[in-house]
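Novice: What follows is a structure written as structure tokens; I'll ask about it next.
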Amino acid sequence: MILISIERQKLYLIDGENIIKQYEISTSKFGVGNEKDSFKTPTGIHRVYKKIGEGLPENTVFVERIPYTPEEVKIKFPDLQDRIIARVIWLEGCEEGINKGMNHGVVVDTKERYIYIHGTDGDISKPLSHGCIRMRIKDIVELFDLVHEGDLVVIF
């Protein structure tokens, strides 16, 4: 299980009652929220929907979940900001009307919002993302190998 503390900007990998690993992270600079197009980090109970990037070089950059080399990105996406690097752990909400589906006509679906835990070469000392949970490249590569699709993720 993964626990993500927005207040502490920490991600904890838990096995039973034990913290196996602890990582510094960066959540959204826009705060906390589940609404689509809010660029906020969603809260609640999630699961790992899909892992993307296994075996790829650590400097791989993902654009819409498609891997590119840094050189390709400079040419094809010269203005790309908040780059998604190394690995992608795509999250899916588990709570209908909170982080899954809709709430009074508003999309709150974490999977449809493309919320990931991913690597970055940017700062992670404070909230700076556009909704995702950003990690250092070496940390996301390590975490990626330790988690499985279907694992629980609680963001609070």
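Read-outs: derived from the displayed coordinates by stated rules, not from any lab. The model shown is predicted, which means the values in this text are computed figures rather than measured ones. Methodologically, a virtual Cβ is constructed for each residue, glycine included, from the backbone with ideal geometry; neighbour enumeration extends over all protein chains shown.
Novice: Below 8 Å, C-alpha to C-alpha, sequence gap of six or more: please give me the relative contact order for region 22-156 in percent.
Specialist: 37
Novice: Neighbouring Cβ atoms within 10 Å as the yardstick, rank Ile20, Ile85, Ile98 fewest first.
Specialist: Listed from fewest to most nearby Cβ atoms, that is Ile20, Ile98, Ile85.
Novice: Taking the Cα centre of the chain as the origin, how large is its charge dipole in debye, to the nearest 20, when only Lys and Arg (+1) and Asp and Glu (-1) carry charge on their Cβ atoms?
Specialist: 260
Novice: To the nearest 20 debye, what charge dipole does region 117-156 have about its Cα centre, counting +1 at the Cβ of each Lys and Arg and -1 at the Cβ of each Asp and Glu?
Specialist: Its charge dipole is roughly 220 debye.
Novice: Taking the convex hull of the Cα atoms, report for the chain its projected area averaged over all directions, in nm².
Specialist: Mean projected area of the Cα convex hull: 8.7 nm².
Novice: List, in order, the whole-Hz ³J(HN,Hα) value for each residue of region 82-92 obtained from phi through the Karplus relation with A = 6.51, B = -1.76, C = 1.60 and θ = phi - 60°; use x for Gly and Pro.
Specialist: Along region 82-92, the couplings run 6, 5, 9, 10, 6, 8, 10, 10, 7, 9, 10 Hz.
Novice: Quick one: check the C-alpha center-to-center distance for region 83-124 versus region 36-60, whole angstrom.
Specialist: 6
Novice: Now for a separate question. Can you order the peptides 118-127, 10-19 by their average number of other Cβ atoms within 10 Å per residue, highest first?
Specialist: Ranked from most to least packed, the peptides come out as 118-127, 10-19.
Novice: Which trypsin sites (Lys or Arg not before Pro) does region 46-122 hold that lie in a coil by DSSP with at most 13 other beta carbons within 10 Å?
Specialist: Within region 46-122, the qualifying trypsin sites (Lys or Arg not before Pro) (loop, at most 13 other Cβ atoms within 10 Å) are Arg65.
Novice: Next question, about the same structure. If we count other beta carbons within 10 Å of each Cβ, what is the order of Thr41, Thr69, Thr60, fewest first?
Specialist: Ascending number of Cβ neighbours within 10 Å: Thr69, Thr60, Thr41.
Novice: Sticking with this one: Using C-alpha positions alone, give me the convex hull volume of region 106-156 per residue in cubic angstrom.
Specialist: Each residue corresponds to 107 Å³ of Cα convex hull volume.
Novice: Please list, ordered by chain and number, the residues whose modelled amide H lies under 5 Å from the amide H of Ser129; skip anything fewer than 5 residues away on the same chain.
Specialist: For Ser129, the qualifying residues are Thr27, Ser28, Lys29.
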